[in-house]
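The structure under discussion appears below in the form of structure tokens.
The values are calculated or read from the model by the stated rules, or taken from the named source; none is laboratory data. Predicted model, so just to flag it, every value in this text is computed and none were measured. Ideal geometry is used to build each Cβ from the backbone, glycine not excepted, and the neighbour counts take in all protein chains shown. Surface accessibility is based on the protein's heavy atoms, side chains included, excluding ligands, DNA and RNA. Shrake-Rupley method; radii C 1.70, N 1.55, O 1.52, S 1.80 Å.
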Amino acid sequence: MKKLMNGAQMKMIDTYSIQEVGIPSLVLMERAALCVTEAVLEKIKKTDKVLCVCGSGNNGADGMAVARQLTERGISAEVYTTAEEGKGTEELNRQCAILQKLGIVFVNDIPAGEYNCIIDAVFGIGLSRTITGRYEQIIAKINAAKDTGSLIVAVDTPSGINAGDGQVMGCAVRADMTVTFGFAKCGLCLYPGRIYAGELCVANAGFADVRTIPEIWEQAAFTMEDTDIAAFFDRPADTNKGSYGKLLIVAGSENMAGAAALSARAAYRTGCGLVKVFTHENNRTVVLTHVPEAVMVTYKDTADIKEKLAGELDWADCVVAGPGLSKSDTAKEIVAEMIAYQPKREKRLPVLLDADALNIIAENRKLLSGIAENEGSSKQYVYTPHMGEAARLSGKSIAQLKETSCESAKELAQKLCGVCVLKDAATIVSDGSRIYINTSGNSGMSTAGAGDTLTGILAGSVLAGRTQKNGKENASYEFFEKICMGVYLHGRAGDAAADRFGNAGMKAMDIADAVANVLKEN
Ligand SMILES: NC(=O)C1=CN([C@@H]2O[C@H](COP(=O)(O)OP(=O)(O)OC[C@H]3O[C@@H](n4cnc5c(N)ncnc54)[C@H](OP(=O)(O)O)[C@@H]3O)[C@@H](O)[C@H]2O)[C@@H](O)CC1
Ligand SMILES: Nc1ncnc2c1ncn2[C@@H]1O[C@H](COP(=O)(O)OP(=O)(O)O)[C@@H](O)[C@H]1O
Ligand SMILES: [K+]
């Protein structure tokens, strides 16, 4: 697990390192700049010309230090700065004075086509308002240079991108690479900031260890990495299929079989012990053709559907409900029964609600209050809305949700009394307080059925943690973390499917099957 910081948290880390621990500001800056210099040297030729475009804050000071370090290495590096003499930060004034003594050239324009590489050091985490006027022109000139083939390397953040939410504050530099300090910033993992950042390189600038400072560490968002996968999906030798959980998938509707098949296949590929599909009788052949390992429980009409479902809920260790379910009266009855059933059970059943189950809830607020009354703090419900479904659940527009995705996921989790997986190109998971930002996946996953595979993978992830080497439930990971891991694994499976079939040609079933490859390789 890797922490992600916003601008304010990073500022606290900066201040703590300097004021509490006593690491001099210029030492941090020198190390930060060295990381940029090394990254640039890997990308350019000895004869290339570099221009460092520096603002009047410490981001600009970093840029000046980079100009000095490149000059030391024999590279032609010049500086353009917006800072008036003596009016920058203390560090900037120091860096500027050194450059003047060294005779480094200061220029007064950013001509397109003249420099092979431009270092964007206009704004970093100190960007505090919408960019207009002179700064807008500077950013336009950096982008124009990019269009003529200059390599653009951003220092800490692409200038104009909000480090917290990834939004463009008026305009922003389109970098080829961003060297960011200490921690990846949330805004460089969220869209559109993630695109503006280009290749992201997280550099160790020597900040003090902040793991013991809850205001920073506990509050920070996080993401998963490949190195986390093995621990979640550990499979001890002395186990049987019951050790990996019994999953009930309530999905599909009359002649809608694909969603159930995708979810079930993905669940098995994630390591589920036993998967039962509860669906309309007409779907039996299709589901079994794709997942012969599945157990089928089918219905033809609503006659005894409640009793049938209750029996299966008793059997299950986890339930997925909603993919391909439709909004028929039968589907509505199923969702209502599932919610009414929870308080009757001694042990709370993890219930993952997706697609039409969410639409049914959005249209019937009584169901929501049913959940709210019984859930308390147990948080066993997981909701997986895409932006359209989230708009229906929250009453916000899709544009609003995208601009405030972290806050929106948090609010939805609170409102729905569970864990919200707000699906998008950068999926956010929240339990109402914590924020997970997903960094895996690709545009090939924008394909029908990709969400159905997510439900199976999430269930697999929840159930994988059931067993530890001693046969007891794995308490090392919280329910919320298991869901975050499922989201990460889904994206990695999408990446593996794209490696094999390409972004355009891959399809949802490829994602389901590729989970096996990802688990095998990690
Ligand atoms: N030891 C350290 O401290 C270390 C710091 N590090 C580096 O410092 C960076 C943070 O530096 P920072 O805090 O000085 O902020 P920075 O990003 O340079 O911007 C502030 C300036 O921009 C201005 N401004 C803001 N918005 C504006 C707008 N829309 N339009 C116009 N102006 C605007 C703002 O003006 P003001 O609001 O004061 O009027 C101020 O002048 C960080 O990202 C990293 O690169 C690393 O070297 C590690 C060690
Ligand atoms: N560009 C992308 N990058 C990363 N993940 C993506 C991208 N597009 C879609 N996804 C993921 O694929 C899934 C699509 O789900 P959803 O929209 O519910 O599809 P469907 O309803 O067709 O099954 C989500 O988990 C989403 O995060
Ligand atoms: K910058």
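Does A448 meet the test of being in a loop (DSSP other than H, G, I, E, B) and either among the aromatic types (F, W, Y) or touching a residue at least 12 places away in the same chain (Cβ under 8 Å) (or both)?
Yes.
Inspect the stretch 32-40 for any residue being away from ligand 3 (no atom under 16 Å from the Cβ) and under 30 Å from the mean Cα position of the chain (by Cα) and give the result as yes or no. Reasoning before the result, please.
So the first thing to find is which residues in the stretch 32-40 are away from ligand 3 (no atom under 16 Å from the Cβ), and the list is 34, 38.
Remaining after also requiring under 30 Å from the mean Cα position of the chain (by Cα): 34, 38.
Among the residues of the stretch 32-40, at least one is away from ligand 3 (no atom under 16 Å from the Cβ) and under 30 Å from the mean Cα position of the chain (by Cα), which makes the answer yes.
Results for (1) surrounded by 23 or more Cβ atoms within 10 Å (Cβ to Cβ); (2) of a type outside the set (D, E), shown as yes or no for each residue.
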site: I18; (1), (2): no, yes
site: D48; (1), (2): no, no
site: V53; (1), (2): yes, yes
site: N58; (1), (2): yes, yes
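Cβ-Cβ under 9 Å, sequence separation 6+ or interchain: first residue in the stretch 1-14 and without any contact (Cβ under 8 Å) to a residue 60 or more places away in the chain, partner open to solvent by less than 50 Å² (accessible area, probe 1.4 Å) and among the polar types (S, T, N, Q). Which pairs?
none
Which members of the stretch 243-255 meet the condition of being open to solvent by 20 Å² or more (accessible area, probe 1.4 Å), at pLDDT 90 or above and out of contact with any Asp or Glu (no Cβ under 8 Å at 6 or more places or on another chain)?
Within the stretch 243-255, just E254 meets the criteria.
For the stretch 153-163, state whether one or more residues are closer than 19 Å to A39 by Cβ and polar (S, T, N, Q).
Yes, the stretch 153-163 has at least one match.
Which pairs turn up if I take residues in the stretch 21-37 that are touching a residue at least 40 places away in the same chain (Cβ under 8 Å) and in the same structural domain as Q95 (by TED's automatic domain parsing) and look for partners that are surrounded by fewer than 16 Cβ atoms within 10 Å (Cβ to Cβ) and assigned to a helix (DSSP H, G or I) with beta carbon separation below 9 Å, at least 6 apart in sequence or on another chain?
Close Cβ pairs satisfying both conditions: S25/E90.
So which residues in the stretch 182-200 are open to solvent by 10 Å² or more (accessible area, probe 1.4 Å), out of contact with any Leu (no Cβ under 8 Å at 6 or more places or on another chain) and in contact (Cβ under 8 Å) with a residue 24 or more places away in the chain, if there are any at all?
Once the filter is applied, which keeps residues that are open to solvent by 10 Å² or more (accessible area, probe 1.4 Å), out of contact with any Leu (no Cβ under 8 Å at 6 or more places or on another chain) and in contact (Cβ under 8 Å) with a residue 24 or more places away in the chain, the stretch 182-200 yields G182, Y191, P192, Y196, G198.
Restricting to the stretch 155-178, what's the tally of residues that are touching a Phe, Trp or Tyr at 6+ places or on another chain (Cβ under 8 Å) and not polar (S, T, N, Q)?
10
Is it true that some residue in the stretch 407-418 is more than 14 Å from the chain's Cα centre (by Cα), open to solvent by 30 Å² or more (accessible area, probe 1.4 Å), modelled with pLDDT of 95 or more and of a type in the set (A, V, I, L, M, F, W, C)?
So far as the stretch 407-418 goes, no, none of its residues is more than 14 Å from the chain's Cα centre (by Cα), open to solvent by 30 Å² or more (accessible area, probe 1.4 Å), modelled with pLDDT of 95 or more and of a type in the set (A, V, I, L, M, F, W, C).
Yes or no, residue by residue, for (1) polar (S, T, N, Q); (2) open to solvent by 10 Å² or more (accessible area, probe 1.4 Å):
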| position | (1), (2) |
| --- | --- |
| K241 | no, yes |
| Y268 | no, yes |
| G271 | no, yes |
| V275 | no, no |
| N282 | yes, yes |
| P292 | no, yes |
| V297 | no, yes |
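Filter the stretch 299-325 for residues that are buried (at least 20 other Cβ atoms within 10 Å of the Cβ) and out of contact with any Phe, Trp or Tyr (no Cβ under 8 Å at 6 or more places or on another chain) and give the result.
A316, D317, C318, V319, V320, A321, G322, P323, G324, L325
In the stretch 82-129, what residues are open to solvent by 40 Å² or more (accessible area, probe 1.4 Å) and of a type in the set (S, T, Y)?
T89, S128
Kindly indicate whether any position in the stretch 163-171 is more than 14 Å from ligand 1 (Cβ to nearest atom) and surrounded by 24 or more Cβ atoms within 10 Å (Cβ to Cβ).
Looking through the stretch 163-171, at least one residue is more than 14 Å from ligand 1 (Cβ to nearest atom) and surrounded by 24 or more Cβ atoms within 10 Å (Cβ to Cβ).
Within the stretch 317-355, how many residues are in a loop (DSSP other than H, G, I, E, B), among the hydrophobic types (A, V, I, L, M, F, W, C) and modelled with pLDDT of 95 or more?
Qualifying residue count, the stretch 317-355: 1.
Select, from L489, L463, L458, the only residue that is under 19 Å from A512 (Cβ atoms) and at pLDDT below 95.
Working: L489 fails: at pLDDT below 95; L458 fails: at pLDDT below 95.
From the options L489, L463, L458, the qualifying one is L463.
So is A498 crowded, with 24+ Cβ neighbours inside 10 Å, more than 16 Å from ligand 1 (Cβ to nearest atom), at pLDDT 95 or above and of a type outside the set (F, W, Y) or not? I'd like the intermediate steps shown before the answer.
Details: crowded, with 24+ Cβ neighbours inside 10 Å: no; more than 16 Å from ligand 1 (Cβ to nearest atom): yes; at pLDDT 95 or above: yes; of a type outside the set (F, W, Y): yes.
So A498 fails the test.
Name the single residue, out of those in the stretch 425-463 being of a type in the set (D, E, K, R) and either more than 17 Å from L489 (Cβ to Cβ) or within 16 Å of ligand 1 (Cβ to nearest atom) (or both), that is most open to solvent (accessible area, probe 1.4 Å).
R434
Tell me, which residue of the stretch 392-406 that is among the aliphatic types (A, V, I, L, M) and open to solvent by 20 Å² or more (accessible area, probe 1.4 Å) is farthest from P323 (Cα to Cα)?
Residue satisfying both the conditions and the ranking: A399.
Please state which of the following conditions Y299 fails to meet, knowing it meets all the rest: (1) in contact (Cβ under 8 Å) with a residue 60 or more places away in the chain; (2) touching a Lys or Arg at 6+ places or on another chain (Cβ under 8 Å); (3) under 14 Å from F278 (Cβ atoms).
Every listed condition holds for Y299 apart from (1).
Consider the stretch 121-139. How many of its residues are over 14 Å from T82 (Cβ atoms) and more than 10 Å from ligand 3 (Cβ to nearest atom)?
3
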